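Contents: one structure, followed by commentary.
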Amino acid sequence: MGEQTGNNRHHSDTATISAATDVLTGESRKKGLARLWPFLGPAFIASIAYVDPGNFATNIQGGAKFGYTLLWVVVCSNLMAMLIQSLSAKLGIATGRNLAELCRLHFPRPLVWLMWALMEGVAMATDLAEFLGAAIGFNLLFGIPLWAAGLLTALATFLILSLQVRGFRALEAVITGMLGVIVLCYLVETILDKPDWKTLAYHAVAPQFSGVESVLLAAGILGATVMPHVIFLHSSLTQDRIVVDSPVLRRRLFRFELVDVCVAMGVAGFVNAAMLIMAAATFNRAGLGHIASIEEAYITLEPLLGTAARYIFAVSLLASGLSSSAVGTMSGQVIMQGFLERHIPVWVRRLVTILPSLVVIFLGFDPTRTLVISQVVLSFGLPFAVIPLVLFSRRRDLMGELVNHRLTTAVTWVVAALIVSLNLYLLYQTLFGGE
């Protein structure tokens, strides 16, 4: 993401940087949203990964099978996402490097290779979920065979990624626009499904499980919400977007980026909650806890909520799949360049990451179950992104005046411990079949 610098920047980027600099130095007289506007963008790109098709799969299954029981997992996951993404953004601002680059510079070479291999696996699992989701969206909306929908998804993703040549602002605008489509769709869905607000409020703050399957889905929801690949991406998005040298200006810049994170992750949190609420208020309430696929959800929505509801659902899935697939490819580029200092053309990477998805489609695997399992893979990859993030962001020699407060570091360690503990418990239950 940091390749367009100096004279190569697009005029929209230059205008954004100039406006941001004026605000930071006190030369701008803008107020309110106009003052904040130049800083909004990086977190909105990152937030797309938090509302990707994997979230559709895990949240729909969780809501259909267990009602509102796992809503607290969505709430907690989103709070974790805000904390972790703010640290990732801060890392890029403070060091001028992304997380993968710092791992390469400060970790032993064998560990760097191991982490790169793990993160590439995570990136492939991510891309599998996003690619399948968009293909399912095309299939549901237009009746296109899944294999043809997959090829159409690849083409659409290439077109979105081609916007990178026009600078970061153009890509931010398109991705944010797609996020807006998803939000609008789920706002309508929430109005249509008329949830039980009292029960909803209780389960949003009351931690509980309901058997082994609920733990599997909780891990999937966590993996789909706090995503490891986008932790690496976010630090790349901020590392040279707006560069300032003064410690005072860096602190001001981070405060604006913190607003970006809170707004974007708040929006993503609403969408995630709305997905689970929709499934709980429609399928679970109607005794349809067996709904286990996106396709079933799409078909069943019509008799429960009307024809408009199912098409709104499909449009939101398509927007999610296309935008998150583009973001996933960007993350893969950052991971490879950061860990290995090697760059491959985006179209080559896109072609390579398409292959697992096409194999899944042609072999006839259940797409939704594949999405859920891919999200569990992501949750297992989280410690390898979160732990290095905490280790670097607490170092004053790297972070300077933006070094973590001790309380921030302590809370983030607790978050990392919760993630690891949940995954270990899930592994134990999976291997030994405990109830």
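Name the residues in region 25-68 that are under 24 Å from THR199 (Cβ atoms), of a type in the set (Ser, Thr, Tyr) and out of contact with any Gly (no Cβ under 8 Å at 6 or more places or on another chain), would you?
If the condition is that a residue be under 24 Å from THR199 (Cβ atoms), of a type in the set (Ser, Thr, Tyr) and out of contact with any Gly (no Cβ under 8 Å at 6 or more places or on another chain), then TYR68 is the only one that fits.
Results for (1) part of a helix (DSSP H, G or I); (2) among the polar types (S, T, N, Q); (3) closer than 21 Å to ALA297 by Cα; (4) out of contact with any Phe, Trp or Tyr (no Cβ under 6 Å at 6 or more places or on another chain), shown as yes or no for each residue.
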residue	(1), (2), (3), (4)
LEU140	yes, no, yes, no
TRP147	yes, no, yes, yes
ILE160	yes, no, no, yes
LEU163	yes, no, no, yes
GLU172	yes, no, no, yes
GLY177	yes, no, no, yes
VAL181	yes, no, yes, yes
LEU187	yes, no, yes, yes
LEU200	yes, no, yes, no
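The set of residues in region 198-252 being touching a residue at least 40 places away in the same chain (Cβ under 8 Å), acidic (Asp, Glu) and either closer than 30 Å to LEU24 by Cα or buried (at least 20 other Cβ atoms within 10 Å of the Cβ) (or both) consists of ASP240 alone. Note on region 253-264: residues that are surrounded by fewer than 17 Cβ atoms within 10 Å (Cβ to Cβ) and either more than 13 Å from PRO38 (Cα to Cα) or out of contact with any helix residue (DSSP H, G or I) (no Cβ under 7 Å at 6 or more places or on another chain) (or both) amount to 3. Of all residues in region 14-53, those satisfying the criterion of being surrounded by 14 or more Cβ atoms within 10 Å (Cβ to Cβ), of a type in the set (D, E, K, R) and modelled with pLDDT of 85 or more are ASP22, ARG35.
Considering region 132-156, the residues that are modelled with pLDDT of 85 or more and of a type in the set (Phe, Trp, Tyr) include one that is nearest to THR370 (Cα to Cα), namely PHE138.
Of all residues in region 117-157 being among the aromatic types (Phe, Trp, Tyr) and in contact (Cβ under 8 Å) with a residue 40 or more places away in the chain, which is surrounded by the fewest Cβ atoms within 10 Å (Cβ to Cβ)? Here the residue is TRP147. The helices (runs of 4 or more DSSP H) found entirely in region 6-76 that carry 3 or more residues being in contact with an Asp or Glu (Cβ under 7 Å, 6 or more places away or on another chain) and either β-branched (Val, Ile, Thr) or closer than 20 Å to ILE175 by Cα (or both) are 42-48. Just to be sure I understand, how many residues within region 314-336 are within 20 Å of MET115 (Cα to Cα) and polar (S, T, N, Q)? Of the residues in region 314-336, 3 are within 20 Å of MET115 (Cα to Cα) and polar (S, T, N, Q). Take region 223-263 and flag every residue that is out of contact with any Leu (no Cβ under 8 Å at 6 or more places or on another chain), assigned to a loop (DSSP other than H, G, I, E, B) and not β-branched (Val, Ile, Thr). Hits for region 223-263 are ASP240, ARG241, ASP245, SER246. The residue of region 285-316 that is surrounded by the most Cβ atoms within 10 Å (Cβ to Cβ), among those that are at pLDDT 85 or above and either over 24 Å from the mean Cα position of the chain (by Cα) or among the small types (Gly, Ala, Ser) (or both), is SER316.
The condition of being of a type in the set (Val, Ile, Thr), over 20 Å from PHE270 (Cβ atoms) and out of contact with any Cys (no Cβ under 9 Å at 6 or more places or on another chain) does not hold for VAL230. Scanning region 65-81 for residues that are of a type in the set (Val, Ile, Thr) and either over 11 Å from ALA268 (Cα atoms) or surrounded by fewer than 23 Cβ atoms within 10 Å (Cβ to Cβ) (or both) yields THR69, VAL73, VAL75. Evaluated against (1) modelled with pLDDT of 85 or more; (2) of a type in the set (Gly, Ala, Ser); (3) within 16 Å of ASN272 (Cα to Cα), ALA129 falls short on exactly one condition, (1). A search for C-beta distances below 9 Å between a residue of region 165-187 that is of a type in the set (Gly, Ala, Ser) and any residue that is outside any helix (DSSP H, G or I) and at pLDDT 85 or above, counting only pairs 6+ apart in sequence or on different chains, returns ALA173/GLY41. If we scan region 54-77, do we find a residue that is within 30 Å of ARG250 (Cβ to Cβ) and modelled with pLDDT of 90 or more? No: zero hits. Are any of the residues in region 380-391 part of a helix (DSSP H, G or I) and modelled with pLDDT under 80? Among the residues of region 380-391, at least one is part of a helix (DSSP H, G or I) and modelled with pLDDT under 80, which makes the answer yes.
The values are calculated or read from the model by the stated rules, or taken from the named source; none is laboratory data. Here the structure is a predicted model, which is why all the values come from computation and not from measurement. Note: ideal-geometry Cβ built from the backbone for every residue, glycine included; neighbour counts use all protein chains shown.
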